[in-house]
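All remarks here apply to the structure that follows.
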Amino acid sequence: MRAFDFSRAESVGSAAQHGNAETAFVAGGTTLLDLVKLDVMRPAAVVDINALPLKTVERLADGRLRIGALVTNTDLAHHPEVKRDYPLLSQALLAGASTQLRNMATTAGNLMQRTRCPYFRDVGSACNKRQPGSGCDARDGINRMHALLGGSADCIAVHPSDMCVALAAIGATLTLEGPAGEREVAFADFHPLPGDTPHIEHDLAADELITALTLDAPLTLDAPLARAGSHYLKLRDRASYEFALASAAVQLNLDGERITEARLALGGVATKPWRASEAEAALVGRPAELASFERAAEIALRDARPLAHNAFKVDLAKQAIVRALRDATRAARQGGTDTQESQA
Amino acid sequence: MMDDSVHSPTRRGTPAPTLNVNFTLNQQPISLEVAPNAVLLDVLREQLGLGGTKKGCDHGQCGACTVHVDGQAMNACLRLAVMCEGQHVTTVEGLAREGELHPVQQSFLACDAFQCGYCTPGQMMSATALLNDARIGSDDAAVKEAMSGNICRCGAYKNILTAIQQARATLADDATRRAGEGTP
Amino acid sequence: MNDLTQSTLAQPKVVGQRTPRIDGEFKLTGRAGYTGELSVEGMLYGYPVAASIAHGTLERLELDEALAMPGVVDIFHHANFPRLHRSPNSMGHGDQVSEVRLPFEDERIYYHGQYVALVVAESFAQARAAAQRVVARYRQETGAISSLLDGAHDSHTEGELLEDSGTTRGDPEAAFAGAAVQIDAVYHIAAESHLQMEMHATLAEWRDDGSRLVVHESSQGVFYQRNAMARIFDLAQENIEVISHYIGSGFGNKLFMWPHAVAAAGAARELGRPLKLVLPRAQDMTGGGNRPASRQRLRLGADRDGRLNAVIHDSTTETSLVDRYVDACGSATPSFYACDNLAVSQRILALNHGTPCPMRAPGEVSGIFALETAMDELAVALAMDPVELRLRNYAHEDPESGLPWSSKQLDKCLHSAAERFGWAQRDPGIGAMRDGDEIIGYGMAACTWFAGRQPCQARVELRADGTLFAACGTQDIGTGTYTIVAQTVAELTGVAVADIEVKLGETSLPTGPLSGGSMATATTLPAVAAAVRDALSALKEVATGHGGVFAGVDADSLTVAEGALSDGERSHSFAEVLEAMRLSSVNGQGSSAPGEEKKQYSFRSFGAHFVEVRVDPSISRVRVARVVSSMDIGRAINPPTARNQVEGGIVMGIGMGLFEKLDYDPRDARLINANVADYIVPVHADIPEIDVELLDYPDFKFNEFGARGVGEIGLTGIAPAISNALYHATGKRYRDLPVTIEALLADHASG
């Protein structure tokens, strides 16, 4: 573990001033400390931002929910307004990591979470994300955990977050602050595809800080008469405390038996939190029944590029989609109360 | 063996700069000089001689290092010591009070909720935190899910669950009794 | 009052009773000192640099940057590590090691994670920081062998056939060829990690100008380590002390010493300062032992009534390029079922892994997976209840030795567990039992583990302060040995367990056995009992001698009860007896060893597991919902801790059945998932309802305590019970472990 300077930021402005390519901000520390110990991240300076006033959750006048960057995953998952209006987000958060890690991890930190690709995490392996131009040992290696969607010749590393999968379905905006002031980025645009620059993992300059995440208004807000339901389903080897092999985040509005609005995002199978827009479109106007779900699943995985060890995830992701759609439908029919377990 | 002809140990390099950090450890104020990159777990075990907090993976993957920071269960292996400035840190050494085992410790003993004992401090720190957290359900499934960040390779999980639920009952009885005593 | 002097342990008062662990409070308050948290004055920290390749040569180490880092004292490697000797590596002579190659012995790289250097610094953090700045240049070679299971190897033609590891009776090939019903199948089990919670750790301190070595090690066998270190460092055994008071478990990988301990002790001697080395988890997994992958072919021949007339069990397991470890998969097979024609063979294939070593129920657990899955396949082929098939082939005596069993209650295990499980309610149709989205599968397997004993010595003191002290150089790895020793002393003296101090895990104590093979209980307690009796006889001598409280009384007429001697009229506590003579204590020595009984009986524990799985085929999810087990282990000395062992074995069996697999990259044999997140073991949320019954049939033919041992048997039989339940649920036979989601999806896709 390399030496670094340590300081505490007293304000967002001063934190941003510290920011450069050699500096890492630390909030929960669950990614940073893990990767510094592995020598994967090598900051010359670490700036503790925990004293910044970014720990509140507030309802905006337009119905959106603004979440401070430093709200912990635990607090967010259990926040009354999140549980009521965004149960999908609460479920996804609680499906991730462990109690301890959720107590430490923050909203912004989760957005900045880095891949679990074993070749990325091992400095003895070739990895274009860790060391641009060095190659990708995962492509022809053990790639069970790797991406089916959004990969490139240079990188197939999966984005590991559960929270972000729910955000992809819900829709959100990030507020970033830097020397030039504040700017906003749509969540969908925050994580780029790896392309030939897999080391660029987000739209955040070194001297910028995420200050807030604002969730789009709940789907029910625009369609108050609709029956809305959601479900997050995470499939993995063991029952808890494991990254997803495939996960699906679903939000649906029903009008009778017909789907009037659908949101579908996937985790564990893509290089970024994966919004399956075409599959969503294929659901709208359809009856909420198995055939529609299966068709959406086919569409969502149409562009999958399986590798030697992860081809099974094509089927697994389809299964996650179909089951999550079914359970979200059930939730909608029960008045939005999601009683299904979210993890498998 | 240690004649001058062999290998003489000479310390090379320069000492690293340290930072001062002040926090409350097991209810006692503490002031320490630590390296900026010192990890709380290593500081507890190596600098303070508090070996109760265990190292099982050093990467937040096993839960053996679980401590309370301001009452919340956290992995001490993923926390810089300097980040604890002004915080309240509790380790397994701080669970028993005035020589009496905490109800969770008592129930772990009574239920044989451990074997080798290495994950046990972390299990108990998670257990005490969850018993204090009304947001976590009290049914077995909720407890098992909330405890899943604490791996027990000996596989004493069944007894750990029993011990936690037994401690829950003890704590509830104690609370009832205290409430009763408070009534004139 | 009963006289404990004459106790036969037939109707014990403390032995067999629930007794909270006497070391429990230390473990629960954080005061139990595991090796990694010990420290001594002037202690340095070591951190190994591990090879990042698995096959090739270390060409160069670039050390300048690391040597210049704060706190760094020195870096050891092939060119400057002292030249030591290898251990003879003999089990019989007590100097067995886990990997015979010495650290830094040559510059060949035989496996990923092999130590190429040891950085020594003033603190752990400094040592790690510098180790990461050591640059190792390798010449990597192609042709690394990554796994027995990577498809390139056929176990029946490859690997080395071990002529002395096989056994044959009758004419198995002919019997199989002529059998009315045949099962012929191949089973694969992935390499597994022990993943014991406490990594390997050594604290080495040279004293008296380097003439004496004191080593704290997280060890399941302090005497083996002492003896091996004596050979390696060319010292008299008396000048080495190995200490292991608390062990964060081992499951076999701490039975015998690994090279890290030699590196630590060697560096400590060179530097003249104590040195602590705790392996990081990744190195613990690459170079600290593993259960090797296995490939087994099982052939069963039976008549139409299900009577076995041929069993042929051929196994191949992995070993490393630097040692020869044999995981004897077929070792339980000859004794399991009555069958006149049987053959067992064993091969090993050397490859680029850290050396495998025993892991809980080594060999047998793998072999029983194959055998008990094959038995289920035979039951299906015969359309017979699998419980009935096992009863029909019941071995009423040991078919291998021809000796009668000392005590075998497998039939009662099968009946009792089946009853409690509700086996009779099983609809044997494939996928016939459903609950919502889930298919319910029922499966069962029998299980077994041999019962063995080792020579053992113990010492007991009766002290004037009323307390007792017992000592033996075995270890408590979490099984509860401290407590059962105290129970034994309490039983034979009537002194409360709370007044008994027990010391284990030091080579300065009387020679004790390995904590392994489920042998510690049956080995240790008879020696402790002998020492207690010897101490009581010394006490009686004191009491009846000149000036004693029973002066003139015939010593043999004195009886022992509740911590006191009595002549029938008067009673004096042990303390009074000692105080009257101004003695601080009396001492007793005891020893025990296996004896003639081995020529008269065969000794094995048996049991049965019944498992309910829930398969949700639409999301490819398998969960074990329920396990009901009955175990015939002789007498349980401390039933809660014995039950805990079986329950822990069941949990590990769920991991073996569904999750656990070391992933070696087929291109270069590097271990890809050497961490606790990517090597999947069961967590709390995976734990089913578990109902374990310990039958109470003391095996007095084995030893006076009637105990056979319980550490391994719970693990055996779980994986096949799961795979058999999966067959019942899905109609697909799972012969490869772990049963992955991939395998389930393949089933799902093929309908």
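The values are calculated or read from the model by the stated rules, or taken from the named source; none is laboratory data. Worth saying up front: this structure is predicted, and the values here are computed from it rather than measured. Glycine gets a Cβ as well: all are built from the backbone with ideal geometry, and neighbour counts include every protein chain shown.
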### Message
Going through C:66, C:152, C:185, C:175 one at a time, which residue ends up being modelled with pLDDT of 95 or more, more than 14 Å from chain B (Cβ to nearest Cβ) and over 29 Å from the mean Cα position of the chain (by Cα)?
### Response
C:175
### Query
Residues of the stretch C:628-658 being facing chain B (nearest Cβ under 10 Å) and in contact with a Phe, Trp or Tyr (Cβ under 9 Å, 6 or more places away or on another chain), which ones?
C:644, C:647, C:648, C:651, C:652
### Message
Looking at residue A:82 and the list (1) hydrophobic (A, V, I, L, M, F, W, C); (2) part of a loop (DSSP other than H, G, I, E, B); (3) within 30 Å of residue A:332 (Cα to Cα); (4) touching a helix residue (DSSP H, G or I) at 6+ places or on another chain (Cβ under 7 Å), which single condition is not satisfied?
### Response
(2)
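Residues checked against (1) in a loop (DSSP other than H, G, I, E, B); (2) under 24 Å from residue C:364 (Cβ atoms); (3) in contact with a helix residue (DSSP H, G or I) (Cβ under 6 Å, 6 or more places away or on another chain):
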residue	(1), (2), (3)
C:441	no, no, yes
C:462	no, no, yes
C:478	yes, yes, no
C:503	no, no, no
### Query
Can you tell me which residue in the stretch C:584-630 is surrounded by the fewest Cβ atoms within 10 Å (Cβ to Cβ), limited to those that are out of contact with any strand residue (DSSP E or B) (no Cβ under 9 Å at 6 or more places or on another chain) and farther than 24 Å from residue C:472 by Cβ?
C:599
#### Entry: Scan of the stretch C:627-672 for residues that are charged (D, E, K, R) and over 19 Å from residue C:606 (Cβ atoms), ordered by number
C:660, C:661, C:663, C:665, C:667, C:668, C:670
### Query
Conditions: (1) touching a Phe, Trp or Tyr at 6+ places or on another chain (Cβ under 7 Å); (2) closer than 22 Å to residue C:737 by Cα; (3) buried (at least 24 other Cβ atoms within 10 Å of the Cβ). Residue C:312 meets all but one. Number of the miss?
(3)
#### Entry: Only one of C:682, C:666 that is free of Cβ contacts under 8 Å to residues at least 60 places away in the same chain and part of a loop (DSSP other than H, G, I, E, B)
C:682
### Summary
Selection over the stretch B:36-49 where residues are more than 7 Å from chain C (Cβ to nearest Cβ) and either touching a Cys at 6+ places or on another chain (Cβ under 9 Å) or of a type in the set (A, V, I, L, M, F, W, C) (or both) yields a count of 6
### Query
When residues of the stretch A:145-200 are filtered for being under 22 Å from residue A:129 (Cα atoms) and basic (Lys, Arg), how many remain?
0
### Query
Which condition number does residue B:174 fail, the rest of (1) in contact (Cβ under 8 Å) with a residue 40 or more places away in the chain; (2) closer than 30 Å to residue A:6 by Cα; (3) acidic (Asp, Glu) being met?
(2)
### Query
What are the residues in the stretch B:86-107 that are within 11 Å of chain C (Cβ to nearest Cβ) and closer than 21 Å to residue B:43 by Cα, if any?
B:91, B:92, B:93, B:94, B:95
### Task
Only residues that are within 12 Å of another protein chain (Cβ to nearest Cβ) and not in a loop (DSSP other than H, G, I, E, B): list them for the stretch A:298-318, please.
A:312, A:313, A:314, A:315, A:316, A:317, A:318
### Positions within the stretch B:22-35 being more than 10 Å from chain A (Cβ to nearest Cβ) and either without any contact (Cβ under 8 Å) to a residue 60 or more places away in the chain or outside any loop (DSSP other than H, G, I, E, B) (or both), in sequence order
B:22, B:23, B:24, B:25, B:28, B:29, B:30, B:31, B:32, B:33
### Message
Can you pull out every residue in the stretch B:111-153 that is over 20 Å from residue B:76 (Cβ atoms) and part of a loop (DSSP other than H, G, I, E, B)?
### Response
B:111, B:112, B:113, B:115, B:134, B:135, B:136, B:137, B:138, B:139
### Query
Only one residue in A:36, A:40 is in a helix (DSSP H, G or I), of a type in the set (A, V, I, L, M, F, W, C) and farther than 30 Å from residue A:327 by Cβ. Which one?
A:36
### Among the residues listed as A:63, A:19, A:29, A:13, the single one being under 29 Å from residue A:126 (Cα atoms), of a type in the set (Gly, Ala, Ser) and more than 10 Å from every other protein chain (Cβ to nearest Cβ)
A:19
### Query
Just checking, how many residues over the stretch A:69-81 are buried (at least 20 other Cβ atoms within 10 Å of the Cβ) and either away from chain B (no Cβ under 12 Å) or of a type in the set (Phe, Trp, Tyr) (or both)?
3
### Task
Exactly one condition in (1) part of a loop (DSSP other than H, G, I, E, B); (2) farther than 28 Å from residue C:123 by Cβ; (3) modelled with pLDDT of 95 or more is not met by residue A:20; state its number.
(3)
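Here's the yes/no breakdown for (1) closer than 30 Å to residue C:19 by Cα; (2) part of a strand (DSSP E or B); (3) of a type in the set (Lys, Arg):
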residue	(1), (2), (3)
C:381	no, no, no
C:388	no, no, no
C:399	no, no, no
C:413	yes, no, no
C:417	yes, no, no
C:445	no, yes, no
C:448	yes, yes, no
C:469	yes, yes, no
### Message
Would you confirm whether or not the stretch C:25-38 contains a residue that is more than 30 Å from residue C:481 (Cα to Cα), within 14 Å of chain B (Cβ to nearest Cβ) and surrounded by fewer than 24 Cβ atoms within 10 Å (Cβ to Cβ)?
### Response
no
### Task
Kindly provide the set of residues from the stretch B:108-153 that are away from chain A (no Cβ under 11 Å) and touching a residue at least 60 places away in the same chain (Cβ under 8 Å), ordered by number.
B:118, B:119, B:121, B:123, B:128, B:132
### Query
Is it fair to say residue A:248 is touching a strand residue (DSSP E or B) at 6+ places or on another chain (Cβ under 9 Å) and in a loop (DSSP other than H, G, I, E, B)?
no
### Message
Suppose the filter is of a type in the set (Ser, Thr, Tyr), under 25 Å from residue C:325 (Cα atoms) and either buried (at least 20 other Cβ atoms within 10 Å of the Cβ) or in contact with a helix residue (DSSP H, G or I) (Cβ under 7 Å, 6 or more places away or on another chain) (or both); does residue C:87 pass it?
### Response
yes
### Task
Could you pull out the residue among A:119, A:86 that is aromatic (Phe, Trp, Tyr), surrounded by 24 or more Cβ atoms within 10 Å (Cβ to Cβ), in contact with a Gly (Cβ under 9 Å, 6 or more places away or on another chain) and modelled with pLDDT of 95 or more?
A:119
### Task
Output the residues belonging to the stretch C:578-623 that are of a type in the set (A, V, I, L, M, F, W, C), over 30 Å from residue C:726 (Cβ atoms), outside any strand (DSSP E or B) and out of contact with any Gly (no Cβ under 7 Å at 6 or more places or on another chain).
C:578, C:583, C:593, C:603
